[in-house]
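K.L.:
Please read through the structure below; I'll follow up with questions.
The values are calculated or read from the model by the stated rules, or taken from the named source; none is laboratory data. If you're wondering where the values come from, they're calculated on a predicted model, not measured in any experiment. Note: ideal-geometry Cβ built from the backbone for every residue, glycine included; neighbour counts use all protein chains shown.
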Amino acid sequence: MIGRRKFLTLLGGAAVVALFLVGGIWLYRTTTPADVTSAVVQPDPPRADKAKSAADAEAQRKAEEAEQQRLAAAKAEEERKAKAAADAEEKRKAAEAEQQRLAAVRAEEDRKAKAEQAERERLAAAKAEEDAKAKVAAVNRGLAYSAKKDYDRAIAEYNEAIKLDPKYATAFNNRGVAYFLKKDYDLAMADYNEAIRLDPKYAHAFHNRGLTYLSKKDYDLAIANYSEAIKLDPKYVDAFYNRGLAYHLKNDLDRTIADYSEAIKLDPNYASAFYWRGKAKQMKGDASGGAADISKAKELDPTVGN
């Protein structure tokens, strides 16, 4: 009841604690044997306030926990992104390093390939130079043997030159001359043909082929080849002389005399040209002119016409 006091006295050592229940509130007083202190009020909060405080505390705890989780997730995402970026950078650097390594390997391979190619070219050039010297030496030996009328050995030397250089027109021409001097006209003709095929402007080969046709008594083809030789070399004395001889054999005396005269113009000491021009003049009825040419020929070469 309101107004009623309940109290309880507790003895604690020398002190006395008195508890009073007044209007639902407990009051206590501590006394000592000497004096008494003032009372202190301890309220008992209502249960609704406690529940709200507990709910607020739980909400705060959950909010803090959610924020911690959010921050942890954000940090984890940042760490994941940082790791992914680091991994990507590492891969990029590794790929770049691999590209540089491969480029260096390719560069080294290219350097070696170029060095090997340069060495091959150097060796090829050295061999070509050696072969060039060797083929010229073989042709010169062939000429020396031909001068000694040793045509078989001359042909063997020309064969060696052709082996060293299958496109050596001079060797084919000279071998043709050796065959011609052996009176093997078909083989001579084959070599002259090859020389002309290799070098279409080879005046000597045309002239020599003309000689072969002349020996085969094919005067028209002989004249055609001599004419081609003269076209390529307008100062080719022997081509004029031999074309004159072909005309002479065809009894075309005017062209004969004209070609012999051109040969003499190019070489005033050409004894055979004087001799045969003299003969052609005599055949035309110019006895004195013919005699004069023959006399000049004998003056230049006493053996001419023998």
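Here's the yes/no breakdown for (1) outside the structural domain of Gly176 (by TED's automatic domain parsing); (2) at pLDDT 95 or above; (3) in contact with a Leu (Cβ under 6 Å, 6 or more places away or on another chain):
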residue	(1), (2), (3)
Glu65	yes, no, no
Arg80	no, no, no
Ala132	no, no, no
Ala154	no, yes, no
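K.L.:
Let me ask something additional. Just for helices (runs of 4 or more DSSP H) wholly inside region 115-223: which have at least 1 residues that are in contact with a helix residue (DSSP H, G or I) (Cβ under 8 Å, 6 or more places away or on another chain) and closer than 27 Å to Asp259 by Cβ?
P.N.:
Result: 169-181, 185-198, 203-215.
K.L.:
When Arg277 is evaluated against the numbered criteria (1) under 19 Å from Leu300 (Cα atoms); (2) surrounded by fewer than 17 Cβ atoms within 10 Å (Cβ to Cβ); (3) charged (D, E, K, R), which criterion, by number, is the only one it fails?
P.N.:
(2)
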